[in-house]
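Nothing in this text is a laboratory measurement; each read-out follows from the coordinates by a stated rule. Keep in mind the model is a prediction, meaning the values are calculated, not measured. All Cβ positions, even for glycine, are placed from backbone atoms using ideal geometry, and neighbour counts span all protein chains on display.
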Amino acid sequence: MFQEKWVLITGASSGLGEEFARQLAARRANLILTARSRDKLDALARALAAEHGIETEVIALDLGEPGGAEKLCAEVDRRGHAVEHLISNAGFGAWGAFTDGPVERQTGQVRLNCEALVALTHHLLPAMVARKSGGIVHLASIAGYQPAPYMAVYAASKAFVLSFSEAIAEEVRESGVRVMALCPGPVPTGFQAVAGAGISRPQRRAAMSAEECVRRGLRAYEAGRAVYVPGGINRLGTVGVKLLPRGFVVRAVGRMMKNREPQPA
């Protein structure tokens, strides 16, 4: 499925994106790695190419900047590789009361988590459908299953990703192309430092390593799942929020999120 196919991974310099790169390289995929940090990307690309005998490309840019996704699409086209799979992983969250932070921090989440993801999907999906092969993994989150006070924009952005992914998966269901929303629970990565808060105490039992999350996610993608939530506790939580009264869920999540321990960047 992946051997000698080109895979574009956004947010590939660390965390889940880096882990996707490592596991896909082990499957002998050729990789286009993109993120802001050229040094990290170059080091990762060299290491994976040497270890697995694959081809790698590095595109260092900021998808969160206005027009960033369009720049990435143009550069991918210029390099001439047919992207068989997209791992749309780039994204970030910001913890705190909505009114406390700068508006750029809030709108930046929408631009990166939603707008860039839509632009990349729109650019790459038609060729996949024409070839009747390949597909896309969108990184959503269990946060997308309910509103999350104190991470209001992040949770809303992931609800968008979840809904968008399910809809597009249905549109291409008979084309031979797959689209999956991967909805992890807490995964200890650099995400927490960027967000400004650690994993809350009630969530720690559900925490999963990046290696395990990606391994399970790729297995679900290969099986043709449209939505996948890794981990039994996380899956149970997504069912519970559908059964309980909406107001109760929002207040409970709000208390949990408000009491998270600040984590400096």
**OP:** Distance from a point 7 Å along Cα→Cβ of Ala223 to each backbone N in region 143-180: keep the residues under 16 Å and list them by number.
**Re:** 179-180
Subject >> Built amide H within the under 5 Å cut-off of Ile136, gap 5+ >> reply: Leu86, Arg178, Val179, Met180
Original post:
Can you give the relative contact order of the chain as a percent, counting alpha carbon pairs under 8 Å and 6+ residues apart?
Top reply: 18
Original post:
Check Val58: other-chain or 5+ apart residues with amide H under 5 Å from its amide H, H built from backbone geometry?
Top reply: Leu33
**OP:** Would you kindly derive the ³J(HN,Hα) couplings of region 110-121 from the backbone phi angles with the Karplus curve 6.51 cos²θ - 1.76 cosθ + 1.60 (θ = phi - 60°), listing them in order in whole Hz, with x for Gly and Pro?
**Re:** 5, 5, 7, 6, 10, 4, 5, 4, 5, 4, 5, 4
**OP:** Calculate one ³J(HN,Hα) per residue across region 156-166 by plugging θ = phi - 60° into the Karplus curve 6.51 cos²θ - 1.76 cosθ + 1.60, and present them in order as whole Hz with x for glycine and proline.
**Re:** 5, 5, 6, 5, 4, 4, 4, 5, 4, 5, 4
Subject >> Using a Förster distance of 22 Å, the FRET efficiency for Glu4-Asp62 (Cβ separation, nearest 0.05) >> reply: 0.15
Subject >> Rg ratio (alpha-carbon, reference 2.2 N^0.38 Å) - region 96-181 >> reply: 1.23
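Hey, what did region 16-131 get for relative contact order, percent, Cα under 8 Å, at least 6 apart?
Relative contact order for region 16-131 comes out at 24 percent.
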**OP:** Taking the Cα centre of region 6-258 as origin, sum charge times position over the Cβ atoms of Lys and Arg (+1) and Asp and Glu (-1), and report the length of that vector in debye to the nearest 20.
**Re:** 980
**OP:** Using R₀ = 35 Å, calculate the FRET efficiency as 1/(1 + (r/R₀)^6) where r is the Cβ-Cβ separation of Ala26 and Ser175; round to 0.05.
**Re:** 0.80
Original post:
Short version: ³J(HN,Hα) in whole Hz for each residue of region 16-21, in order, from phi by Karplus 6.51 cos²θ - 1.76 cosθ + 1.60 (θ = phi - 60°), x for Gly and Pro, what are they?
Top reply: 5, x, 4, 5, 4, 4
Original post:
Given R₀ = 25 Å, FRET efficiency for Arg36-Lys258 by Cβ-Cβ distance, to 0.05?
Top reply: 0.25
**OP:** With just the Cα atoms of region 135-190, tell me how far they stretch along each of the three principal axes, in Å, largest first.
**Re:** 40, 22, 12
**OP:** Provide Rg over Rh for region 6-258; use the alpha carbon set for both Rg and the Kirkwood Rh (inverse mean inverse pair distance).
**Re:** 0.95
